[in-house]
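The structure appears right after this line, and notes come after that.
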Amino acid sequence: MLQELQYPFDSELLLKKRRKLKKVLLADGETRMTKHIAVLGGSTTNDIVAMLELFLLQEGIQPEFYQSEYAKYWEDAMFDAPQLQAFQPDLILIHTSIRNITEAPLSLTASGEDITAALDRQYSHFSQMWEHLKEVYHCPIIQNNFELPSTRLMGNRDAWDMHGMVWFVTELNRRFGAYARTHNDFYIHDVHYLSACYGLDRWQDSTYWYLYKYSMALSAIPEFSYSLTRIIRSIYGKNKKVLALDLDNTLWGGVIGDDGQEGIAIGQETADAEVYTEVQEYCKAQKQLGVLLTICSKNEPENAQLGLQHPDSVLHEEDFVAIKANWEPKDQNLQQTAELLNLLPESFVFVDDNQAERDLVAGQIPGIAVPDFDSPEACIRVLDRAGYFETTTFSKADANRSEMYRANAQRVQMQQTYANYTEYLLGLEMEAEIDDFTPVTLPRIVQLTNKSNQFNLTTKRYTQSEMAEVTADPNRIRLYGRLKDKFGDNSIVSVVIGEVVEDTLYIELWLMSCRVLKRDMELAMLDELVARCQAHGVKTIRGYYYKTSKNAMVRELYGSFGFEKIESFENGDSVWSLNLTGYTPKNHVISVNGATVPQIL
């Protein structure tokens, strides 16, 4: 990964060096997912596309772009557009701005009814377009909301008087948000907030509109494109998962080994203490999104515990799924934590006040995010604007993820008390619910398909709309698997999808969450899949392994199931086949759908 593209970045540098940076990214040998992105613009979009390409390449996405002609977003969306239809977009970006609002401002003498009608017409202009795009292209849509106007005719009254442009924009943004809350695969790009952060006067430098028809200043384009990237990488499961935190001068002021518990800065007594309290509050709030918190600190374990036991500490030992407080190199501790959690190190964000430690970790662990900051106040701002944990979907399982991983630690401790691994698995008292997709389970299933990378045989991704089509297809066999045991509910952890053609099932997707590895859940899923296939008259299952840089662990999974490898390719891909005649169930430790655990004969 290029440090130049890590947030916070130098926008002027990116604009000057973007061609060189693109060449470096394309020459890095990384395998990227290809996505067709249609940009329907109400203003010039060339530089936005060029900058967006850099950020997406950095995130492992190879974009191919379609751009509408200048200000022809509506025509491309609503009327016959053969080029756009042939392009078959995976994602549509609608790049409009306040300059594309046509129904306002209104005269100060306009009646309330006239203003409401104008607002209705403006909203309908966009909502009709969204509905049409969804019907034709069945892909996610990202729509800008609107920045505030650069001038206010009535001054402060503009914000609350119906005749004010500020009021009109605010109401229109509110309606856009209400639409997003009730429609799947539709996302708002919050330009209203982004432009405020950047500075409205700088954002709306009209020179760029008059010269180039840019809806924002040229220097704002990298910030705009990065903000869009946050949404896109979240849609395609590229978010980070873990916030790994240093302690001294990161979560509290001072060095606890030298200053003692009473000497560290935390609480409300001083300005220094208050800012560290806000850092802890910000980090703890991330748990609500399902972000896992860990500690990676050069410290004595006892001192780390003392700091977290401080009476004013917001974060406590139970908030963390793993704590590494020792004097080993931090990159090694992070690698070990990743192994403990069955996650890739690149899914971590490492937060440390020490520049030397940041440089070491960034240099030793490819793909890990190491934000650069020079004060605790800046730490909060950088973490927030970097958007490592951007949320496009949210489920109850996300909110409970930290507890799930803490329960995993209890399972590890329990395993140490058993000499026989099968006895350990039986001792977990595992119960699985394996069934066809339902409307209630669909959001979590979609989320899992876009987040799972390691135990994923084909790494095919689905949007909510695409998964709804799969669910309605009578020629597909679908299974989700939920696993719980004596320590808790792991939620939905596995998904299998296959298409029945005559007497053969062709597997399109097989994945499982790595947090339930080595518990035979994959065998329970296989047994149920075979049973469903036999009920449909299927005699053969055809499985596919598509190699990626992250899924090596399942390269021989089909072979372990008893499949025969019938084809292999130089790039590492392979095709497997299983004859269902005489199939013998393989799961002997999990109760499935309330049935008794099958015994080993």
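The values are calculated or read from the model by the stated rules, or taken from the named source; none is laboratory data. Owing to the predicted nature of the structure, the values given are computational and were not obtained by experimental measurement. Glycine gets a Cβ as well: all are built from the backbone with ideal geometry, and neighbour counts include every protein chain shown. We work out accessible area using only protein heavy atoms, side chains counted, and drop any ligands, DNA or RNA first. Shrake-Rupley method; radii C 1.70, N 1.55, O 1.52, S 1.80 Å.
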* **The lone exception for E223 - which of (1) acidic (D, E); (2) over 32 Å from the mean Cα position of the chain (by Cα); (3) open to solvent by less than 50 Å² (accessible area, probe 1.4 Å) it fails** => (2)
* open to solvent by 20 Å² or more (accessible area, probe 1.4 Å) and touching a Cys at 6+ places or on another chain (Cβ under 7 Å) - does that describe any residue in the range 334-342? -> yes
* To do: Could you tell me whether the range 153-169 includes any residue that is in contact with a helix residue (DSSP H, G or I) (Cβ under 7 Å, 6 or more places away or on another chain) and on the phi > 0 side of the Ramachandran plot?
  => no
* Can you tell me which of R542, R519 is part of a loop (DSSP other than H, G, I, E, B) and either within 22 Å of S395 (Cβ to Cβ) or in contact with a Phe, Trp or Tyr (Cβ under 8 Å, 6 or more places away or on another chain) (or both)? -> R519
* **Candidates D205, D246, D258 - the one that is at pLDDT below 95 and farther than 30 Å from E69 by Cα** => D258
* Structure fact -> Output for Cβ contacts, cut-off 7 Å, separation at least six or different chains, first residue over 22 Å from Q83 (Cα atoms) in the range 30-43, second in a strand (DSSP E or B), reads R32/I61; R32/Q62; M33/I61; M33/Q62
* Structure fact -> Scanning the range 247-287 for residues that are under 19 Å from L343 (Cβ atoms) and either without any contact (Cβ under 8 Å) to a residue 40 or more places away in the chain or open to solvent by 10 Å² or more (accessible area, probe 1.4 Å) (or both) gives Q286, K287
* Selection count, the range 369-404, where residues are modelled with pLDDT of 80 or more, touching a Leu at 6+ places or on another chain (Cβ under 7 Å) and open to solvent by less than 40 Å² (accessible area, probe 1.4 Å) -> 2
* What number of residues in the range 85-107 are open to solvent by less than 90 Å² (accessible area, probe 1.4 Å) and either more than 27 Å from W203 (Cα to Cα) or basic (K, R) (or both)? -> 5
* Structure fact -> Okay, helices (runs of 4 or more DSSP H) sitting entirely in the range 399-505 with 1 or more residues that are without any contact (Cβ under 8 Å) to a residue 24 or more places away in the chain, I get 401-415, 421-427, 464-472
* Residue match in the range 452-464 (condition: basic (K, R) and over 26 Å from L133 (Cα atoms)) -> no
* Is it true that Q309 is open to solvent by 70 Å² or more (accessible area, probe 1.4 Å), within 30 Å of V516 (Cβ to Cβ) and either at pLDDT below 95 or not hydroxyl-bearing (S, T, Y) (or both)? -> no
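So that you can scan it fast, the table gives a plain yes or no per residue for (1) open to solvent by 60 Å² or more (accessible area, probe 1.4 Å); (2) among the charged types (D, E, K, R); (3) on the phi > 0 side of the Ramachandran plot:
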residue	(1), (2), (3)
L14	no, no, no
R19	yes, yes, no
K22	yes, yes, no
A27	yes, no, no
R32	no, yes, no
L40	no, no, no
T44	no, no, no
E53	no, yes, no
I61	no, no, no
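Of the residues Q416, Q410, which single one is over 20 Å from M512 (Cβ atoms), at pLDDT below 80 and out of contact with any strand residue (DSSP E or B) (no Cβ under 9 Å at 6 or more places or on another chain)?
Q416
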* If you go through the range 358-368, how many residues are in a loop (DSSP other than H, G, I, E, B) and surrounded by 19 or more Cβ atoms within 10 Å (Cβ to Cβ)? -> 2
* Going by the conditions given, is F350 in contact with a Cys (Cβ under 8 Å, 6 or more places away or on another chain), among the hydrophobic types (A, V, I, L, M, F, W, C) and surrounded by 13 or more Cβ atoms within 10 Å (Cβ to Cβ)? -> yes
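Within the range 578-590, restricting attention to residues that are open to solvent by less than 20 Å² (accessible area, probe 1.4 Å) and assigned to a strand (DSSP E or B), which residue is farthest from L426 (Cα to Cα)?
Of everything passing the filter in the range 578-590, L578 is farthest from L426 (Cα to Cα).
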* Structure fact -> Of those in the range 140-181 that are within 33 Å of the chain's Cα centre (by Cα) and polar (S, T, N, Q), the residue surrounded by the fewest Cβ atoms within 10 Å (Cβ to Cβ) is T170
* **Count - residues of the range 538-556 that are within 21 Å of I434 (Cβ to Cβ) and modelled with pLDDT under 95** => 1
* Asked: What number of residues in the range 136-161 are among the hydrophobic types (A, V, I, L, M, F, W, C) and part of a loop (DSSP other than H, G, I, E, B)?
  -> 6
* Structure fact -> All-but-one check, A118 against (1) among the small types (G, A, S); (2) out of contact with any His (no Cβ under 8 Å at 6 or more places or on another chain); (3) farther than 23 Å from A180 by Cβ, failing number (3)
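Can you pull out the residues in the range 508-540 that are polar (S, T, N, Q) and open to solvent by 30 Å² or more (accessible area, probe 1.4 Å)? Write out each step before concluding.
Step one: filter the range 508-540 for residues polar (S, T, N, Q), giving 513, 534, 540.
Matches in the range 508-540: Q534, T540.
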* For the range 559-570, indicate whether the set of residues that are buried (at least 20 other Cβ atoms within 10 Å of the Cβ), β-branched (V, I, T) and farther than 28 Å from N400 by Cα is non-empty. => no
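Among the listed residues F373, F350, identify the single one that is farther than 24 Å from Y405 by Cα, aromatic (F, W, Y) and under 25 Å from the mean Cα position of the chain (by Cα). Walk me through how you get there before you give the answer.
Working: F350 fails: farther than 24 Å from Y405 by Cα.
From the options F373, F350, the qualifying one is F373.
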* Which of (1) out of contact with any Ser or Thr (no Cβ under 9 Å at 6 or more places or on another chain); (2) outside any helix (DSSP H, G or I); (3) within 21 Å of S452 (Cα to Cα) is the odd one out, the single condition M553 does not satisfy? -> (2)
* Asked: Out of curiosity, is A81 surrounded by 18 or more Cβ atoms within 10 Å (Cβ to Cβ) and either in contact with an Asp or Glu (Cβ under 6 Å, 6 or more places away or on another chain) or over 22 Å from V191 (Cβ atoms) (or both)?
  -> yes
* To do: Determine, yes or no, whether Q447 is open to solvent by 70 Å² or more (accessible area, probe 1.4 Å), of a type in the set (S, T, N, Q) and out of contact with any strand residue (DSSP E or B) (no Cβ under 7 Å at 6 or more places or on another chain).
  => no
